[in-house]
Amino acid sequence: MSTKAAAIMSPHRSVSNPPTASSDVANQPLSPQLLTYAQDMLEQQRLTLHFAHSALESAYVQRRAMEYREIVRLGWPLLLIVYVMLLGMSIQFYPQDMFFKEGILLRTLWLPAFVVMMIGVFAPLRLAFAARFEWFVSICGTVLLTLLLLCYFFAQTADFADHAMLNISVTLLIMAFASRIRVWWFGLILLVASGVSLGVALSIGLSVHWLKLGHFLLLHSCVMIFVMAMMEANHRLAFLQSLLLVEQNRQLVLQRQHIESSAREDVLSGLPNRRAFDEIFRREWERTRRDQQDVSLLYIDIDYFKLYNDNYGQDAGDTVLRQIAQVLQQALLRPADQATRYNGESFILILPNTHTQGAIRVASRLIEAVDHLAIEHRWSQVASHLTVSIGIATSQPDESDSLQVLIRADDALYQANRAGRHRYFVNG
């Protein structure tokens, strides 16, 4: 992707995959400024041949280059057939002109035209040239059109001159509607090719039929440029519409992901909720059974939290829950460990590949960390500050259901509370 095309992207992470040289810029989010510009253009149905934002113009050219690649991929056999037919008809019906002076037109104009045409068609297909495909197409198109105009000027008979002009018209139609270059590039091709071929013809004393040439240059070419301009202007509106549609789809995906994330996240603590716990623990249980590893649960309860909430207020209770959630997250030293809010003042830690001793060390660290917070709790019956109790359970080889581990962790928490709270208890 070019630097300018990348500039239209938002700095936020994309939902889709990272773009490659052949990827569409629409796969990346639009910046707010560009989104507003595109919406205004579409609402007003403003026809334009150049976007005010250089980044958007670069993105549009990249889209045209991709379209050109697809057109060439599908249409190059037809282009070859057209060339062979035109050459065959010229040789069959106008041998006097084609073989004039030992076939000078065939050797110096028709065969070089074929080589130039093939370069213009296939060179931009290489990724190294894709960003400058208009340069290659325009240069080769200018040379090709110049050679065809020289065929017209070198015509020995009036019939061949008409045939040459027809060949030029066919070539222009193909270039106008298949090359995907912008209209001002096409106009530049016409101007340069006409000027060069006419200059060569006049310099070597060839006769020029000014009426036919003027009809071609002023009428035929102007009409074709006007049609191209209308098509390009509408194509640009369609391009903007496609960007907006992709952006709307992206926003819908983000909203759906946010809803799904919210459904699995506890809003107050920011931890996964009970629904997420069920999914995470089931996944870890299946993995540990498959790998024959241990998984431990720490069932954590804030001691006398109802009394704290009733006496200090709901806001203070919410603050405590957030503080405890932060302590739990800080206590987890491995990416695979997961803290969840199970319900109310209860939290559960999932510790994959952790035996009982490892779970005990984590529980001790948690109790010390909560004590270190020193949150005042005058209504607690075990300390002057807020404390927690923890039930520990580790999976056993004979257990076939993850629910059994959860039940044992809950029972261990009950035993810890019964023993006086502010401690941990191990079940199994």
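The values are calculated or read from the model by the stated rules, or taken from the named source; none is laboratory data. Just so it is clear, the model here is predicted, and its values are computed rather than measured. Because the Cβ atoms are built from the backbone with ideal geometry, glycine has one as well, and the counts that use them run over all protein chains shown. Calculation scope for accessible area: heavy atoms of the full protein, side chains included, ligands and nucleic acids excluded. Shrake-Rupley method; radii C 1.70, N 1.55, O 1.52, S 1.80 Å.
Structure above, values below:
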{"read-out": "Every residue from segment 107-155 that is of a type in the set (Phe, Trp, Tyr) and either open to solvent by less than 20 Å² (accessible area, probe 1.4 Å) or outside any helix (DSSP H, G or I) (or both)", "value": "Trp110, Phe133, Tyr152, Phe153, Phe154"}
{"read-out": "Subset of segment 271-289 [touching a Lys or Arg at 6+ places or on another chain (Cβ under 8 Å), in contact (Cβ under 8 Å) with a residue 40 or more places away in the chain and open to solvent by 70 Å² or more (accessible area, probe 1.4 Å)]", "value": "Arg274"}
{"read-out": "One residue from Leu268, Leu243, Leu254, Leu213 being under 30 Å from Ala325 (Cβ atoms), hydrophobic (A, V, I, L, M, F, W, C), open to solvent by less than 90 Å² (accessible area, probe 1.4 Å) and assigned to a helix (DSSP H, G or I)", "value": "Leu254"}
{"read-out": "Candidate set from segment 313-332 (those that are open to solvent by 60 Å² or more (accessible area, probe 1.4 Å) and touching a residue at least 12 places away in the same chain (Cβ under 8 Å)); member that is nearest to Leu403 (Cα to Cα)", "value": "Gln329"}
{"read-out": "Segment 380-390, residues that are surrounded by 14 or more Cβ atoms within 10 Å (Cβ to Cβ) and assigned to a loop (DSSP other than H, G, I, E, B)", "value": "Ser380, Val382, Ala383, Leu386, Thr387"}
{"read-out": "Selection status of Val82, β-branched (Val, Ile, Thr), surrounded by 13 or more Cβ atoms within 10 Å (Cβ to Cβ) and in contact (Cβ under 8 Å) with a residue 60 or more places away in the chain", "value": "yes"}
{"read-out": "Unique residue being in contact (Cβ under 8 Å) with a residue 40 or more places away in the chain, open to solvent by less than 70 Å² (accessible area, probe 1.4 Å) and over 25 Å from Ser90 (Cβ atoms) when the list is Ile181, Ile174", "value": "Ile181"}
{"read-out": "Tabulated pairs, segment 408-428, first free of Cβ contacts under 8 Å to residues at least 40 places away in the same chain, second outside any strand (DSSP E or B) and open to solvent by less than 40 Å² (accessible area, probe 1.4 Å), C-beta under 8 angstrom, 6+ apart or interchain", "value": "Phe425/Ala412; Phe425/Leu413; Phe425/Ala416; Asn427/Arg408; Asn427/Ala409; Asn427/Ala412"}
{"read-out": "Cross-chain or 6+ apart pairs with Cβ under 9 Å, segment 290-308 first and over 16 Å from Ala409 (Cβ atoms) and modelled with pLDDT under 90, then of a type outside the set (Ser, Thr, Tyr) and part of a loop (DSSP other than H, G, I, E, B)", "value": "Asp291/Asn353; Gln292/Pro397; Gln293/Asn353"}
{"read-out": "Residue match in segment 70-90 (condition: over 30 Å from Arg107 (Cα atoms), within 27 Å of the chain's Cα centre (by Cα) and at pLDDT 85 or above)", "value": "yes"}
